1. Write down the Å³ per residue value for the convex hull defined by the alpha carbon atoms of region 22-131.
2. Carbon and sulfur atoms: what percent of the 1.4 Å accessible area of region 114-202 do they account for?
3. How large, in Å, is region 103-173 by the Kirkwood hydrodynamic radius built from its alpha-carbon pairs?
4. Given +1 on the Cβ of Lys and Arg, -1 on the Cβ of Asp and Glu, and no further charges, what dipole in debye does the chain carry about its Cα centre, rounded to the nearest 20?
5. Just to confirm, what accessible area per residue do you get for the chain at 1.4 Å probe, in whole Å²?
6. What does the helix-only formula give at 222 nm for the chain: each DSSP H stretch with n ≥ 4 adding -39500 (n - 2.57), the total divided by the residues, and the result rounded to the nearest 500 deg cm²/dmol?
7. Taking the chain, how much of its Cα-Cα pair set, in percent, is spaced more than 22 angstrom apart?
8. Would you work out if region 23-82 is rounded, prolate or oblate? Take a ≥ b ≥ c from the square roots of the eigenvalues of the alpha-carbon gyration tensor; rounded if a/c is under 1.5, else prolate when a/b is larger than b/c, oblate otherwise.
Amino acid sequence: MNAGLNDAVNAAKEQHRLLRGHVPGEAGLWVLIFGDLIVFAVLFVTYVVARAGDLPAMQLAQAKLDRGLGLANTLLLLTSSWCIAHALLAARRGTPHVRRLIGAAIALGLAFVGVKVVEWSSHIGAGDTLNSASFFMYYYMYTGIHLLHVVIGLGVLTWLMLRCEPDGSWKGSLPTLEGSAVFWHLVDLLWVMIFAIIYLLR
């Protein structure tokens, strides 16, 4: 009994040692991540400058956004990121919950897409299009680019789920799962920034 407990403790210590200072995923992925962050930083600065130059019109158009739907989408992606983080933990521990957690993340991501389609449809039906106001040009551009990231991420997550063992455990390489999780966290982070700047900034 004591020998088994000691083995478990030693295994946990070894895993902690290996993970300490460990950079998840592949190095090339981080080039993509930082490049994406730089592009979005430029986009956000462009919007803030344009907003300051035409504040009354921007605020008038921004007031038409449904912040409740924006908040709902934020919670959906945050919860989805939580699922992916725990799927990665389950894979590292060798437990059979990886596929179920990835499936939950996919379902939440699809719900995000559904809410976004409802939101866009509502604005388009009300006449708020790309050409109706400068604000909506930025709104559709930024949320559209982000939605493309979501669709790509959902494709990656679906591929990951198909690579799981029949019992739900992970059978692929950990760097692949780590890199995919990092990308999905990026999708979440970008949305939080969009929500703060496009929906909440007054």
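1. For region 22-131, the hull spanned by Cα atoms encloses 131 Å³ per residue.
2. Values: 2700 of 3830 Å².
The C+S portion of the solvent-accessible surface of region 114-202 is 70 percent.
3. Hydrodynamic radius (Kirkwood, Cα pairs) of region 103-173 is 14.1 Å.
4. Numbers: 14 positive and 12 negative charges, 62 e Å.
Dipole about the Cα centre, nearest 20: 300 debye.
5. Here the per-residue accessible area is 52 Å².
6. -27500 deg cm²/dmol
7. Details: 11333 of 20301 pairs.
Here the long-distance tail beyond 22 Å is 56 percent of all Cα pairs in the chain.
8. On the way: a/c = 6.06, a/b = 1.47, b/c = 4.12.
It is oblate, given that a/c is not under 1.5 and a/b is not larger than b/c.
The values are calculated or read from the model by the stated rules, or taken from the named source; none is laboratory data. Everything numeric in this text was worked out from a predicted model, so none of it was measured. Cβ coordinates were reconstructed from backbone atoms using ideal geometry, including for glycine residues, and neighbour counts include every protein chain displayed. Remember, those area values only see protein heavy atoms, side chains included, never the ligands or the DNA or RNA. Shrake-Rupley method; radii C 1.70, N 1.55, O 1.52, S 1.80 Å.
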